[in-house]
Amino acid sequence: MKILVLNGSPKCEKSDTMHITRAFLEGMKEAGDQQIKTINAVEKHIEYCTGCFACMHNGGSCMIDDDMKDILEDILASDLLILSFPLYCYGMPAPLKAIIDRVLPLSSMEMEKIGERYEHVGQADCSKLNYVMICGCGFPNSKHNFEAAVMQYRLLFPGDNLAVTVPESPMFNAPQAAPITGPRLELVRQAGKMFAQTGKVDEELLAVICSPMIPEEVYASIVNGGV
Ligand SMILES: Cc1cc2nc3c(=O)[nH]c(=O)nc-3n(C[C@H](O)[C@H](O)[C@H](O)COP(=O)(O)O)c2cc1C
């Protein structure tokens, strides 16, 4: 399978979230050969979408000449797009959002009603693409934190796509937390393997992966300088 990872963390390979993503990919690799390409959003030259809509009328050609052209080709050549990003202000970090805005050339201006909402009709064939969102965050709570990012992902990529949201993720970069983060990453690896084999992750396994690794009060106390 051809997998494209869009890493939205400005910390690139040092990203807390990328620990989760790498474990997921390791599991996928156990199930079969995977061709993986990772793009660090912050390292690319991506101008902001100007909203001219030219691309939606001219068959999909953006007026801006920057790295987005190659990224669009990478997206179209992939079977699986993994959005790996830390939660920033309850959403995705700006460098990744800039890329997402610039996928507009894949859609035409024409609108169609699908179920209860309207979507733009595609002008590129994305039918073989599947999606996974992997998101870490700094707070210990999952509720009242990830909802907006997950909702945006579900509206962008309709369907029953996998969203992996893990609170307390700075722990993945703390070597002293390895006895706790190691077992969690092992569960993520199992989820990656299951996903590669079946296209899904067991709901109970996902619920454990998305839960706090240590009690939230303990985590908050450590962050606040306590024991
Ligand atoms: C600008 C900014 C905004 C953030 N907003 C949130 C937030 O809304 N909720 C949260 O739980 N953590 C928030 N965080 C914390 C990060 O999600 C957290 O540090 C995460 O582990 C960083 O992951 P990374 O190493 O993959 O970039 C924010 C961090 C920054 C720098």
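The values are calculated or read from the model by the stated rules, or taken from the named source; none is laboratory data. Only a predicted model underlies this, so the values are computations on that prediction, with no experimental measurement involved. Backbone-built Cβ (ideal geometry, glycine too); neighbour counts: all protein chains shown.
Observations on the model:
- Cβ-Cβ under 6 Å pairs, at least 6 apart or on other chains, the range 125-140 side touching a residue at least 60 places away in the same chain (Cβ under 8 Å), far side in a loop (DSSP other than H, G, I, E, B): C135/L87; P140/P167; P140/E168; P140/P212
- Single residue of S107, S127 found to be over 30 Å from I222 (Cβ atoms) and in contact with a His (Cβ under 6 Å, 6 or more places away or on another chain): S107
- The criterion of at least 2 residues that are within 30 Å of P167 (Cβ to Cβ) and away from the ligand (no atom under 16 Å from the Cβ) is met by the following helices (runs of 4 or more DSSP H) wholly inside the range 1-80: 16-31, 68-76.
- Of all residue pairs spaced 6 or more apart or on separate chains, those with beta-carbon atoms under 8 Å, a first member in the range 1-27 that is free of Cβ contacts under 8 Å to residues at least 60 places away in the same chain and a second member that is more than 9 Å from the ligand (Cβ to nearest atom) are C12/N40; C12/V42; C12/E43; E13/N40.
- R154 being part of a helix (DSSP H, G or I) and either among the aromatic types (F, W, Y) or over 22 Å from K14 (Cβ atoms) (or both): yes
- Restricting attention to the range 100-142 and to residues that are away from the ligand (no atom under 16 Å from the Cβ) and among the small types (G, A, S), the residue that is farthest from D67 (Cα to Cα) turns out to be G115.
- When P86, P158, P93 are checked against the criterion of being at negative phi and touching a helix residue (DSSP H, G or I) at 6+ places or on another chain (Cβ under 7 Å), a single residue qualifies: P86.
- Conditions (1) closer than 22 Å to N224 by Cβ; (2) touching a Cys at 6+ places or on another chain (Cβ under 9 Å): number failed by F139: (2)
- Here the condition is being more than 15 Å from L87 (Cβ to Cβ) and modelled with pLDDT of 95 or more; of K128, K200, it holds for K200 alone.
- C135 vs. criteria closer than 28 Å to G60 by Cβ, within 18 Å of the chain's Cα centre (by Cα), of a type outside the set (D, E) and surrounded by 13 or more Cβ atoms within 10 Å (Cβ to Cβ): no
- Any hit, the range 205-222, residues being of a type outside the set (S, T, Y), more than 16 Å from the ligand (Cβ to nearest atom) and surrounded by 18 or more Cβ atoms within 10 Å (Cβ to Cβ): yes
- Within the option set V164, V223, V208, V218, being β-branched (V, I, T) and in contact with a strand residue (DSSP E or B) (Cβ under 9 Å, 6 or more places away or on another chain) holds for one residue only, V164.
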